[in-house]
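Undergrad: Mind looking over this structure? Questions follow.
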């Protein structure tokens with residue numbers, strides 16, 4: 001019990017910032033499995049798999065059967081990327097004043113998306129982020145655009161400026177023909193409800209970004225050039 005209190009107190013005081021893989025896992029396991037030897041379980045996971053990015057992809061069944069985690073701890077570890085993604089896309093209030101800042105914003109938002117994910121970000125007249133909604137989840141190499149979800153997101157935001165962005169988890173940032181068709185479709189849907197599409201940003205699995213505006217797929221306008 002003393003070690004658990006030590007881990008919990010450290011987590012309360014310092015959070016996860018700067019912690020290595022073993023320390024992060026110890027804290028997570030300790031919270032889910034209070035009577036386990038969290039350090040020992042974390043040591044075994046790290047010894048076999050080296051990094052947190054490898055560990056989160058281990059199937060739940062294997063985390064339970066091979067490494068001795070319970071279902072709750074295994075599910076939590078599997079869902080770390082989704083938790084981070086959900087948190088990052090709620091980062092509202094940020095100003096996106098140019099294409100460079102848009103690239104950085106969506107690079108962070110989509111960094112942990114494990115399948116192609118189309119998000120739509122709405123800005124107020126001062127170019128502050130009002131909302132960032134998931135429009136569609138796809139698979140590892142494609143995602144579509146659901147018009148109903150686009151219109152619902154636009155209605156909730158009540159703004160006249162928007163970005164769309166999606167990721168390529170297993171390829172570069174260059175758009176496919178389908179990506180270009182999706183961009184034109186979204187642009188048309190938004191224009192019909194009085195919203196200007198400022199850009200479509202694509203983020204690769206390695207962190208490269210592609211602006212469809214600067215590459216000529218979306219006409220340049222005075223705002224956000």
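Undergrad: For residues that are surrounded by fewer than 12 Cβ atoms within 10 Å (Cβ to Cβ) and outside any helix (DSSP H, G or I), scanning just the stretch 30-56, find the one that is nearest to the chain's Cα centre (by Cα).
TA: The qualifying residue nearest to the chain's Cα centre (by Cα) is 51.
Undergrad: Ok, one more. Would you be able to say whether some residue in the stretch 128-141 is more than 19 Å from the chain's Cα centre (by Cα) and touching a residue at least 40 places away in the same chain (Cβ under 8 Å)?
TA: Among the residues of the stretch 128-141, not one is more than 19 Å from the chain's Cα centre (by Cα) and touching a residue at least 40 places away in the same chain (Cβ under 8 Å), which makes the answer no.
Undergrad: Can you name the number of the only condition in (1) within 23 Å of residue 132 (Cβ to Cβ); (2) out of contact with any helix residue (DSSP H, G or I) (no Cβ under 9 Å at 6 or more places or on another chain) that residue 6 fails?
TA: (1)
Undergrad: I'd like the residue in the stretch 57-70 that is within 24 Å of the chain's Cα centre (by Cα) and at pLDDT 90 or above and, out of all such residues, is farthest from residue 111 (Cα to Cα).
TA: The selected residue is 63.
Undergrad: Taking the stretch 179-193, which residues are in contact with a helix residue (DSSP H, G or I) (Cβ under 9 Å, 6 or more places away or on another chain) and more than 12 Å from residue 120 (Cα to Cα)?
TA: Matches in the stretch 179-193: 185, 189, 193.
Undergrad: For the condition part of a helix (DSSP H, G or I) and either in contact (Cβ under 8 Å) with a residue 40 or more places away in the chain or over 21 Å from the mean Cα position of the chain (by Cα) (or both), what is the one hit in 182, 203?
TA: 182
Undergrad: Go through the stretch 59-107 residue by residue and tally those that are touching a helix residue (DSSP H, G or I) at 6+ places or on another chain (Cβ under 7 Å) and either free of Cβ contacts under 8 Å to residues at least 24 places away in the same chain or over 21 Å from residue 38 (Cβ atoms) (or both).
TA: Counting residues in the stretch 59-107 that are touching a helix residue (DSSP H, G or I) at 6+ places or on another chain (Cβ under 7 Å) and either free of Cβ contacts under 8 Å to residues at least 24 places away in the same chain or over 21 Å from residue 38 (Cβ atoms) (or both) gives 11.
Undergrad: Does at least one position in the stretch 155-163 carry a residue that is touching a residue at least 24 places away in the same chain (Cβ under 8 Å), assigned to a helix (DSSP H, G or I) and loosely packed, with under 15 Cβ neighbours inside 10 Å?
TA: Yes, because at least one residue in the stretch 155-163 is touching a residue at least 24 places away in the same chain (Cβ under 8 Å), assigned to a helix (DSSP H, G or I) and loosely packed, with under 15 Cβ neighbours inside 10 Å.
Undergrad: Pick out the one residue from 151, 75, 83 that is over 19 Å from the mean Cα position of the chain (by Cα) and assigned to a helix (DSSP H, G or I).
TA: 151
Undergrad: Of everything in the stretch 180-206, what is closer than 23 Å to residue 111 by Cβ and surrounded by fewer than 21 Cβ atoms within 10 Å (Cβ to Cβ)? Give them in sequence order.
TA: Those that are closer than 23 Å to residue 111 by Cβ and surrounded by fewer than 21 Cβ atoms within 10 Å (Cβ to Cβ): 204, 205, 206.
The values are calculated or read from the model by the stated rules, or taken from the named source; none is laboratory data. Please read all numbers here as calculations on a predicted model, not as lab measurements. As a convention, Cβ positions derive from the backbone with ideal geometry for all residues, glycine included, and neighbour counts pool all protein chains shown.
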